[in-house]
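Each reported figure results from applying straightforward, stated rules to the coordinates on display, with no laboratory input. Quantities reported herein were computed from a predicted structural model and do not represent experimental measurements. Cβ coordinates were reconstructed from backbone atoms using ideal geometry, including for glycine residues, and neighbour counts include every protein chain displayed.
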């Protein structure tokens, strides 16, 4: 039986129409991360407000902090948080501990004063009970005094009558009035004592009640206010520290962005990192070893031609074929021996040779400086002459070599000024002198060698710059730099001296 031909699947409706007609499908797309990623552009309206906000935050955190940088805003946030934690972590912990102690003290103060007031109230109740017992005892005593007075009066009357009868005289007189007077005196004394006891008891009761119901609550409120004040102070210190932390975090981010922007500017303007990476990759390539022998002859020839022009091989290559040919042709027309050094450790050598062989020239200078003069003084004639002329000691050859490298790097960098470079963000910008100066300063190059590099890129040192180099202890002859008249200082160099060169 023959199979039925497969029917072509009809194209379905667009996703936007299906989502608009099916709320269940919308929920499915919202709950599934794989499907949710398809809700882009106009379909983002089907995301929940929280999902749209989360997507916007993620998009912002994925953005680089500077054009062309591989450091994202999320990385910057982590770095800023880590730096803030390192700097303010101990203070955070100390303030949290102080706040905890203050809050616990506030709770303990309330319970302590509650116990104190309960003790005072118990004392007041005991005082009142004692005073009531004393009053009852006095009342019973007063009643006993009254009864005792009546019995004593009767006994006194009977005793008087018996005595009169024994003596044979008339019966004794009535002693009732005398007994009543004595009884009244006793009752008066007892009443006075009862009154004093009542007044004393009322005062003691009032004092105990005031202590329990007036003084103790007031003391509690005052102590709670003090404890609450300490808690408030701890919270305020936390708030102040949070403000300081926020300012530090923002400053850290701004500084980090500026540094990253400068790094990208250096990479884009000078292509230093790219050139270094390419050179390293080429040096580590196994095929380079095979090609080295074939390229040795060409490199030697380039070095000879560069030496004729007083340039390094790198500077020679930067000139280009046409400029190299023009300079070599012009060089051949000049009189030989015009740049021969006539005195000092490099006497007999040309300035071109010194520029092409800095290490050999440094060795000659060192050998010359290690010899003694006729008087046997270990200080050399050249060093003494340099110090007598410029007032400073001559720097060693190693320092001259470092200075020569710094000036050469600066000269190469200034050679990029005016060129239009394409940045990683797709924009094009012309390299300025200020940008190159900023990059060189960030790399640790001193202002003196930046100045020298700028002037070498524009034809040679001016007398003013040569004087500064000599005052710093460096020999222009040993460095192998050519000079030019002071009147020919270009406007750009003068502008650099005024605008970018401090002091």
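Taking the square roots of five times each eigenvalue of the Cα gyration tensor of the stretch 15-62, the equivalent ellipsoid has semi-axes of 20, 10, 9 Å, listed largest first.
Along the Cα-to-C-beta direction of residue 225, a point sits 7 Å from the Cα; which residues of the stretch 101-118 have their amide N less than 16 Å from that point? From the stretch 101-118, the list is 110. Here the extension length gained between residue 198 and residue 251 equals 11.3 nm, from 0.36 nm per residue of separation less the Cα-Cα distance. P(r) tail, the stretch 74-264: Cα-Cα pairs separated by more than 25 Å, 70% of all pairs.
The share of alpha-carbon pairs in the stretch 198-257 lying farther apart than 12 Å comes to 77%. Sorting 130, 414, 252 from the fewest to the most surrounding beta carbons within 10 angstrom yields 130, 252, 414. Backbone N atoms of the stretch 191-207 closer than 15 Å to the 7 Å Cα→Cβ label point of residue 126 belong to residues 205. Listed peptides 81-91, 352-362 appear in the order 352-362, 81-91 once ranked by packing, highest mean of other Cβ atoms within 10 Å at the front.
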